[in-house]
Amino acid sequence: MAQSSPVGFLVPLNSDLSVDGAAEQVPILPGTNSFGRNNLGVVDRRVSRHHIILHASEGGAAELAVEGANPVVIRCGGEERKKLSPRSKAYIVDGDVLELIPGRYFFRYVLLDCSERSSCSRANTNRSQVEACSEEVWRHKRRKHDVEEDTPEAKSSEILVDSSFATIRHSRISDERSPAAFRLLQVKGIPSWANSSAVGLQDVVQGNVIFAVLSNYMVDIDWLLSECPFLEIIPRVLVIHGESGASLDIMKMKKPSNWVLHRPPLPISYGTHHSKAMLLVYPHGLRVIIHTANLIYVDWNNKTQALWMQDFPLKNDSAGKGGCPFENDLVDYLNSLKWPELNVSYESIGQARINPSFFRRFDFSCAMVRLVASVPGYHTGSNLKKWGHMKLRSTLENFTFDDDFKGSSLVYQFSSLGSLDEKWLSEFASSLSSGVSNDKSPLGPGKAQIIWPTVEDVRCSLEGYAAGSAIPSPMRNVEKEFLKKYWVRWKATQTGRCRAMPHIKSYTRYSGQRLAWFLLTSANLSKAAWGALQKNNSQLFIRSYELGVLFLPMPLQGSHLPASFSCTDDNGFEQASPNPKGTLVGMRHTCLVTLSGQKTAEETDSSDHVITLPVPYELPPRPYTSEDVPWSWERQYTKKDVHGQVWPCKVQLYMERDP
C-alpha cells in the first residue's frame, strides 16, 4: 500500500530562526504523528521520546498535544510566544514556530496544500525544495482566499492576481533606494520575496549620530534600545511622544540619562501627538525619516508599514538665505512642538543650540517630497492653508497633472476611523480633488474609496484577532449607513502583505496603475487629524499633531537632480540618485506608478522619469461583497481566529487612540 503524502513538514531552524540547512526536514503525515528526540535529531533528554503529538488532517489543519514532561512554546505567526504545559493542546498553522524546550530546539511548521503534495512528498526533501514548495503553496492559498471563484469576474480577477503576484519580486524597482520613493517595512511571517526591498529599523537608524529627535505616539524604550543600542550612548536624544499617565511614568523610569522626554502642548481636548518621524544629526548632514510605525515591536514586525528617508548635507557658503518649501514647512512644524533647547557639541561648528532654527543649517533644496503636517489649534488668515487637509489642498492646487486624472478615483487608507459625517467627507474630498490638468481646467471631484479590513481579514491575519487592537474604531463610527458606498477591500497580494494588517496610512489619486500623487502620513481619517473648516470656511480646527510626505510628479532638471549624498557613506542604506552619474539631462517630468504599472509606464513614454512607489494594496481596490463586514473592535467574534482565539481577547496587545 502506498504511503500517504505529507500534509506538511517540521523544518529545523537555527536559534535566529533561519533554516538549518544541515538538518533534514521531518514530514507530517495525515493522522497521528509522534515526535521526540529519536526522530527529531535531538539528544537532550529533556525532550521525551514522545514529546509532542501532531494530529494532522488531510486538509493540513494540525492539533498539537504536549506528551512530554516539559512545556513546549508555540510562536504564533513566528513571533507571539504561547507556552503549552504538559497534557495541554493547541492548534498550529502554517508558519508557526515550535520550541521543544522554551528557548531551545526550533522547528517551523510548513503546511503543504493538497495540489502541491506530489512534488513535496519525499521525506528527505532538501532545503531549496521545501522553501520553493512552501512559497508556491502560499501563492496558491492566497489566490484561493483572495478570489471569489463563483463569478465570471473571479476568473478575470484571478488572472490579474497571478500577473501582479510576482511584481515586487521580479520588477526592476529603479528608484527603490531613492528619496523619490518610500520603502515598506519588513514583516515577519511572510514569504522572503515579499521582504526583498523592505527595511527594518536598524537599516535606517545607524551611523555616527550625534543628536537624534525621535517623534512618535508610543515608545517602548526596552525594545528600542535592544534594536538600536547606540541610542543609549550618543550625546543627546530628544523623544517627542504622546504618552501620558502610567505609560509616561514607565518611560521616565527606563529612559537613559542622555534622553530628554517632551510631550508637545495639546491645547485642545482629545488631541494627541501622533506624528512619527526621526531627525538624525550627523557630523556633516541630517537624515530625515518619516514613517507610520509606533516605536514598539509589533509595529515594526507584524504589520504593513512604510517609511520615507532622505539625507541632506550642511549648506555651503554659496547657499541662499531663503529656505525652500520643505525647509520652511519643517521648521514651522518643529516650532509648533515647543521643545526645550538643548546644547550639543557639533563637529563642524562647535557648540550648538538645538532648536527648530538649527535645522536651517542643512540644504533641503533637493528634497524630493513636500511635507503635509497638522498642528492643533484654530487656524485662520495666512495659517488657514498651512496645516491639515487645507495644506494638502493648497499644495495640489499649484500642480499640473496629466489629463488622465480628470475625475479619477481617490483612495483613503488608514487604521483608525473617526466620527465622520457626509458634509466633512465632501470637504475632505474637495481638498484631495484639487489640481489642474494640462489645459488648466480643474481635475474635478473623484470618487472616494475607503480601504478598510473586514472581520475575516483580521481573523485570518498573521496576528489573528489581536491585530484588531491596532484598528481601533467603534461600531458607532464604522456602521454609519452612508459609509457603505465607500468600503473597499484590503488586498495586498502583489506585496505579500494580505495577512499583515495595515497600520500604514496613505491617500492617493490614481488612474489605472498611474498615480497623480501619493501621501504617506501618520494621519488617520478623522477630523481630529485633518481638521474641519468652521466659520464659513474661514477657520480650520485641528486637534492633533500629524506629519506626512507628499509624492508629486515634480519636474527634474539637470543640477536640481538629487545627489547621492549619504550621512552614512556606504553603510547599508546609501541613497541612490535618479541621475547617479550627475549629468545634465534637461527638463524631465516624473511619472508615479505602482509596482504593477512600472513596465507599462516605462514602455509608453520614455520622456518621463518613472518612479515606482511600492503601494502595498491593489489598485483599483475591490468593493465589499454582501458578505463582507467592516472590522470594529467593539463587536464580539466567536469564530476562532488562526491562533484559536475569539474576540475580545483576554490580552489585547495595544490600543492606539485617535478620536
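The values are calculated or read from the model by the stated rules, or taken from the named source; none is laboratory data. Values in this document were obtained by computation on a predicted structure and should not be read as measured data. All Cβ positions, glycine included, derive from the backbone under ideal geometry; neighbour counts span all protein chains shown. Note: areas computed on protein heavy atoms with side chains; ligands, DNA, RNA excluded. Shrake-Rupley method; radii C 1.70, N 1.55, O 1.52, S 1.80 Å.
One line per residue, one yes/no per condition, for (1) touching a strand residue (DSSP E or B) at 6+ places or on another chain (Cβ under 9 Å); (2) part of a strand (DSSP E or B):
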site: Leu279; (1), (2): yes, yes
site: Ile289; (1), (2): yes, yes
site: Ala293; (1), (2): yes, no
site: Asp311; (1), (2): yes, yes
site: Asp317; (1), (2): no, no
site: Gly322; (1), (2): no, no
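Among the candidates Pro235, Pro283, Pro313, Pro265, which residue alone is open to solvent by 10 Å² or more (accessible area, probe 1.4 Å), in contact with a Lys or Arg (Cβ under 6 Å, 6 or more places away or on another chain) and closer than 22 Å to Phe358 by Cβ?
Of the residues listed, the single one that is open to solvent by 10 Å² or more (accessible area, probe 1.4 Å), in contact with a Lys or Arg (Cβ under 6 Å, 6 or more places away or on another chain) and closer than 22 Å to Phe358 by Cβ is Pro265.
Report yes if Ala62 is modelled with pLDDT under 85, touching a Leu at 6+ places or on another chain (Cβ under 9 Å) and within 20 Å of Leu13 (Cα to Cα), otherwise no. Spell out the reasoning first.
On the way: modelled with pLDDT under 85: yes; touching a Leu at 6+ places or on another chain (Cβ under 9 Å): yes; within 20 Å of Leu13 (Cα to Cα): yes.
It is true that Ala62 is modelled with pLDDT under 85, touching a Leu at 6+ places or on another chain (Cβ under 9 Å) and within 20 Å of Leu13 (Cα to Cα).
Which pairs do you get when a residue that is basic (Lys, Arg), found in the range 632-659, comes within reach of a residue that is modelled with pLDDT of 90 or more and assigned to a loop (DSSP other than H, G, I, E, B), reach meaning Cβ atoms under 8 angstrom, with the pair 6+ apart or on two chains?
Close Cβ pairs (under 8 Å, with a partner that is modelled with pLDDT of 90 or more and assigned to a loop (DSSP other than H, G, I, E, B)) amount to Lys639/Val646; Lys640/Val646; Arg657/Thr272; Arg657/Pro472.
Restricting attention to the range 26-41, which residues are over 18 Å from Ala65 (Cβ atoms) and modelled with pLDDT of 85 or more?
Of everything in the range 26-41, just one residue is over 18 Å from Ala65 (Cβ atoms) and modelled with pLDDT of 85 or more, namely Pro27.
Go through the range 90-114 and count every residue that is part of a strand (DSSP E or B), over 20 Å from Ser48 (Cβ atoms) and either open to solvent by 20 Å² or more (accessible area, probe 1.4 Å) or at pLDDT below 80 (or both).
Summing the residues that are part of a strand (DSSP E or B), over 20 Å from Ser48 (Cβ atoms) and either open to solvent by 20 Å² or more (accessible area, probe 1.4 Å) or at pLDDT below 80 (or both) in the range 90-114 gives 3.
Please find, within the range 602-618, the residue that is modelled with the highest pLDDT out of those that are out of contact with any helix residue (DSSP H, G or I) (no Cβ under 9 Å at 6 or more places or on another chain) and open to solvent by 10 Å² or more (accessible area, probe 1.4 Å).
If we take residues in the range 602-618 being out of contact with any helix residue (DSSP H, G or I) (no Cβ under 9 Å at 6 or more places or on another chain) and open to solvent by 10 Å² or more (accessible area, probe 1.4 Å), then His609 is modelled with the highest pLDDT.
Within the range 223-232, can one find any residue that is assigned to a loop (DSSP other than H, G, I, E, B) and under 21 Å from the mean Cα position of the chain (by Cα)? Don't jump to the end; show me each part of the working.
Step one: filter the range 223-232 for residues assigned to a loop (DSSP other than H, G, I, E, B), giving 228.
Then keep just the ones that are under 21 Å from the mean Cα position of the chain (by Cα); that gives 228.
For the range 223-232, residues assigned to a loop (DSSP other than H, G, I, E, B) and under 21 Å from the mean Cα position of the chain (by Cα): present.
Please count how many residues of the range 343-386 are part of a helix (DSSP H, G or I) and either without any contact (Cβ under 8 Å) to a residue 24 or more places away in the chain or open to solvent by 30 Å² or more (accessible area, probe 1.4 Å) (or both).
7
Considering only the range 16-40, how many residues are out of contact with any strand residue (DSSP E or B) (no Cβ under 7 Å at 6 or more places or on another chain), closer than 20 Å to Val73 by Cβ and of a type in the set (Gly, Ala, Ser)?
So the count comes out to 2.
Report the residue count in the range 426-440 for those that are open to solvent by less than 10 Å² (accessible area, probe 1.4 Å) and over 20 Å from Pro553 (Cα atoms).
1
Which of (1) out of contact with any Pro (no Cβ under 9 Å at 6 or more places or on another chain); (2) surrounded by fewer than 22 Cβ atoms within 10 Å (Cβ to Cβ); (3) at pLDDT 95 or above does Leu483 not meet, given it meets every other one?
Condition (1) is where Leu483 drops out.
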